[in-house]
Amino acid sequence: MFRDIETAAALTGYTPTEEDLRGLREWFETYDARSADPTPENVERMADMAVFPLNLVTDGSDGEPWTGQWDRERYVRTMNAVLGGTTGGDLSFESVRTPLFLSPSMVVVFSSSVMRAGGEEHRMNYADILVRQEGRWVFQTMAQRGWADMLREQEKEQEQGQVG
């Protein structure tokens, strides 16, 4: 699941302990399992694994970046929309991750993943920033290319809903 730990440690100056790696590995195993069965209850449980406001960084088809912060409600609403309709074992993830620990309580994790849904494969590369808060890992920032068009459309719909 994890790769290049020694290279990452050389870059950041912090070598993670076995406990650091075990806790992070367990966090991702839990999150991936909940993502693969995205019932409304599991999406709520995924939200329990974050700290809000959650930072997002992405770009769109025009190459322009989009950044924002979500509260828990927006995260749950969006994840239900993105992952909805893929229950019943139709969704799976296979990921290889490179964690760069900045300290015992901060880590940037680069992931290379294959998502399988509806008989199709989607390859994704993304980064998450997790912090250890009160003894448990929570994610605080998500960065992945290609989501800005959808997020901008959601913002327009939300604005129109508030106006009209």
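The values are calculated or read from the model by the stated rules, or taken from the named source; none is laboratory data. Nothing here was measured: the structure is a model prediction, and the numbers come from that model. Cβ sites come from the backbone with ideal geometry, for glycine too, and all protein chains shown count toward neighbours. Heavy atoms of the whole protein, side chains included, go into the accessibility calculation; ligands, DNA and RNA do not. Shrake-Rupley method; radii C 1.70, N 1.55, O 1.52, S 1.80 Å.
Tabulated values for the structure
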read-out: Single residue of Thr30, Thr17, Thr67 found to be of a type in the set (Ser, Thr, Tyr) and in contact (Cβ under 8 Å) with a residue 40 or more places away in the chain; value: Thr17
read-out: From the options Thr67, Thr7, Thr78, Thr30, residue that is in a strand (DSSP E or B) and either of a type in the set (Gly, Ala, Ser) or on the phi < 0 side of the Ramachandran plot (or both); value: Thr67
read-out: Region 33-51: number of residues that are closer than 21 Å to Ser103 by Cα and either open to solvent by 40 Å² or more (accessible area, probe 1.4 Å) or part of a strand (DSSP E or B) (or both); value: 2
read-out: Flag for Leu100 being at pLDDT 95 or above and more than 20 Å from Arg45 (Cβ to Cβ); value: yes
read-out: Count of residues meeting criterion [part of a strand (DSSP E or B) and either touching a strand residue (DSSP E or B) at 6+ places or on another chain (Cβ under 8 Å) or open to solvent by less than 30 Å² (accessible area, probe 1.4 Å) (or both)] in region 121-155; value: 21
read-out: Residues being loosely packed, with under 15 Cβ neighbours inside 10 Å and either under 15 Å from the mean Cα position of the chain (by Cα) or at pLDDT 95 or above (or both) - total across region 82-91; value: 1
